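Here is the structure we will look at, set down as C-alpha cells.
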Amino acid sequence: MRKYIVAGNWKMNTTVPEGVELAKAVVEKAKSLPANVELVVAPPFTHLAPVAEALKGSKVALSAQNCADHEKGAYTGEVAVNMLTSIGCQYTILGHSERRQYYGETDEKLVVKTQLALAAGLKVILCVGENLEEREANKHFEVVTEQTKAVLYNFTALDMKNIVIAYEPVWAIGTGKTATAAQAQEIHACIRNVIEAKFGAQVAQDMTILYGGSCKPSNAKELFAEKDIDGGLIGGAALKADDFIGIATSF
Ligand code: 13P
C-alpha cells in the first residue's frame, strides 16, 4: 500500500497573510483531487499556526521545514518537535540540501532529529541527493546510498511507516534543470533497494519516494509515470496554487 504524496516546500517565501491565502487556495482546489494522493504544505515556522487554521477540515497536511535537535531548553532560535505537534503539524522535512549546505546539517544531527520527530508523532520527509560535482564524477548512486543508510539504518521497519524519502538532486533545485524521468527512476530504484536490503521487500515496496528539483505541471506526468516515483517535493511551483494542484493531478 504505497502512498502518493505531493508536498510543497515553501522555503523562505511569502509573508504570513500571503501564506494563509496560498493555503486557502490550495484547500479549495484540492477538493477535486483523487483520494489516493496526499497533499502536504510546508510553510515557514511563523506561518504554521495560522496555516493550520486555514487547513482545518481539509485533506491537506501540514509540515515544518526543519526541527530542533533537542527536546527543549536553552537553544535560542530553535523550534522543538512538541511545539510543532502542538499546533497540528503532521510532518517535518529533514536534511534538505539547503540545510546541509548552508546550516551544517550532518547525518548525525539528522539521526537525532528523526528520532525526536518520530517519538513526537511527526512523520519525516528525509531529503537525499547528490550535487553537480558528484553527478559529474559519476558518484550519484554512491552518495545517495550513503546518505540514505547513514540516517535510516538507525531505525526500525516500523519506523519506516512514518518516513518518506525525497530524492532531490542539488543541481536540479531551483535551476529549471529537471532530472530526466529515467535519471530520477534509476536513483529511486536504487533507494528502494537500499531500503529492501535492511528492512525487507514489503517495507521497500510500501516506501513513498518523492522526486524534487524543478518539478512543475509540464514535467510531473512523465516523472510520476515511473514505477518508483511516488510524487514530488515541490519548491517554486508550490508557491502558485494552480501549479501545485496541476502537479498533484499528474498521476
Ligand atoms: P524547486 O522545485 O524550486 O526546484 O525546489 C525543489 C526543492 O528544493 C523542494 O524541496
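What the table below lists for this structure:
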| quantity | calculated |
| --- | --- |
| Residue satisfying condition, being at pLDDT 95 or above, surrounded by fewer than 17 Cβ atoms within 10 Å (Cβ to Cβ) and not basic (Lys, Arg), within set Asn162, Asn219 | Asn162 |
| The range 117-143, subset within 16 Å of the ligand (Cβ to nearest atom) and over 15 Å from the mean Cα position of the chain (by Cα), residue surrounded by the fewest Cβ atoms within 10 Å (Cβ to Cβ) | Leu132 |
| Test: residue in the range 221-239 that is within 17 Å of Met160 (Cβ to Cβ), in contact with a Gly (Cβ under 7 Å, 6 or more places away or on another chain) and not basic (Lys, Arg) | no |
| Filter pass, Ile93 being within 20 Å of Ile191 (Cβ to Cβ), out of contact with any Cys (no Cβ under 9 Å at 6 or more places or on another chain), within 16 Å of the ligand (Cβ to nearest atom) and touching a residue at least 60 places away in the same chain (Cβ under 8 Å) | no |
| Lone qualifier among Thr156, Thr175, Thr180 - being closer than 18 Å to Gln115 by Cβ and among the β-branched types (Val, Ile, Thr) | Thr156 |
| Long-range neighbours under 9 Å by Cβ, at least six apart or interchain, first residue touching a residue at least 12 places away in the same chain (Cβ under 8 Å) within the range 201-214, second more than 16 Å from the ligand (Cβ to nearest atom) and of a type in the set (Phe, Trp, Tyr) | Met207/Phe199; Thr208/Tyr4 |
| Out of Val111, Val144, Val170, sole residue that is touching a Gly at 6+ places or on another chain (Cβ under 6 Å) and over 25 Å from Val37 (Cα atoms) | Val170 |
| Qualifying residue in the range 174-182 (condition: more than 19 Å from Leu126 (Cα to Cα), touching a residue at least 40 places away in the same chain (Cβ under 8 Å) and near the ligand (Cβ under 10 Å from one of its atoms)) | yes |
| Cβ pairs under 6 Å, 6+ apart, first in the range 224-251 and on the phi > 0 side of the Ramachandran plot, second of a type in the set (Val, Ile, Thr) | Gly231/Ile5; Gly231/Val6 |
| Gly232 vs. criteria within 12 Å of the ligand (Cβ to nearest atom) and under 18 Å from the mean Cα position of the chain (by Cα) | yes |
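The values are calculated or read from the model by the stated rules, or taken from the named source; none is laboratory data. Treat the numbers as computed from the prediction; the structure is a model and nothing was measured. All Cβ positions, even for glycine, are placed from backbone atoms using ideal geometry, and neighbour counts span all protein chains on display.
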